[in-house]
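Right, one structure below, let's go through it.
The values are calculated or read from the model by the stated rules, or taken from the named source; none is laboratory data. Every value quoted in this text rests on a predicted model; they were computed, and no experiment measured them. Positions of Cβ are generated from backbone atoms using ideal geometry, with glycine treated the same way; all protein chains shown enter the neighbour counts. Accessible surface is based on the protein model in full, side chains and every heavy atom, while ligands, DNA and RNA are left aside. Shrake-Rupley method; radii C 1.70, N 1.55, O 1.52, S 1.80 Å.
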Amino acid sequence: MAERVLIAELAKAGLTGTVVVDSAGTGDWHLGEAMDSRASAELSRRGHDGSGHEARQIQRSWLARYDLLLAMDQANLANLRQLANGDSGLGSRMRLMRSFDPAAPDGAEVPDPYYGSPADYAEVFDLVEAAAKGLASQLAAEL
């Protein structure tokens, strides 16, 4: 969901084609599968298209390609940092998604809704959208 919402917020900020967004998990769960149907349903309910997504796992060789790597929670942030294998240049580009939400407290996470209800997916959408708006705004001011 975060990838689609961030792409939409970047488009609103006039950054389509300037900022590239990609999505991959730190674990190998669901590799090659489509987006969870509940996530796709929430995106659709909010006017976004979740089709075409295929789950992938991030590889260490990809890290240097990106200026910013976003994690939804502390566990995934730790996994990214471990993947960076102590490279401080890479580690400094890793942040929690909600760190871009000006209303979020320090260390705020996006919870995994996988074992939850549709309401949990709606909450995650709201959290991601607030962070995506903050990030898009910051990038628009910098670029």
Fill in the blank from the handout: Among the range 49-68, those whose backbone N falls under 14 Å of a label point 7 Å along Cα→Cβ from Ser92 are 67-68
Exercise for the section: Taking the Cβ of Arg98 as the centre, find all other residues whose Cβ is under 10 Å away and add up their charges (Lys, Arg: +1; Asp, Glu: -1). Expected result: -3
Practice task
Name the residues whose placed amide hydrogens come within less than 5 Å of the amide hydrogen of Leu96, ignoring near sequence neighbours (fewer than 5 apart) on the same chain.
Solution key: Ala71
Exercise for the section: Determine the principal axes of the Cα atoms in the range 7-70, then give the extent along each, sorted from largest to smallest and rounded to whole angstroms. Expected result: 35, 31, 16
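For the chain, which DSSP H helices look membrane-span-like by this rule: Cα extent along the axis of 18 Å or more and mean Kyte-Doolittle of at least -1.0? Numbers along the way, then the final one.
Working: long enough: 118-142 (36 Å, 0.32).
Sorted by number, the helices that extend far enough and score high enough are 118-142.
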Handout entry: Accessible-area composition of the range 1-111, carbon plus sulfur, in percent [1.4 Å probe]
Key = 48
Practice task
Please state the charge dipole magnitude for the chain, taken about the Cα centre, from unit charges on C-beta atoms (+1 on K and R, -1 on D and E), reported in debye and rounded to the nearest 20.
Solution key: 320
Practice task
About the Cα centre of the range 29-98, how large is the charge dipole given +1 on each Lys and Arg Cβ and -1 on each Asp and Glu Cβ? Please answer in debye to the nearest 20.
Solution key: 220
Completion exercise
If every Lys and Arg gets +1 and every Asp and Glu gets -1 at its Cβ, then about the Cα centre the range 54-135 yields a dipole, in debye to the nearest 20, of 480
Handout entry: Computed lengthening from Ser51 to Asp126, 0.36 nm per intervening residue step minus Cα-Cα distance
Key = 25.0 nm
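With all distinct Cα pairs included, what does the Kirkwood hydrodynamic radius of the chain come out to in Å, to one decimal, could you say?
Here the Kirkwood hydrodynamic radius works out to 15.7 Å.
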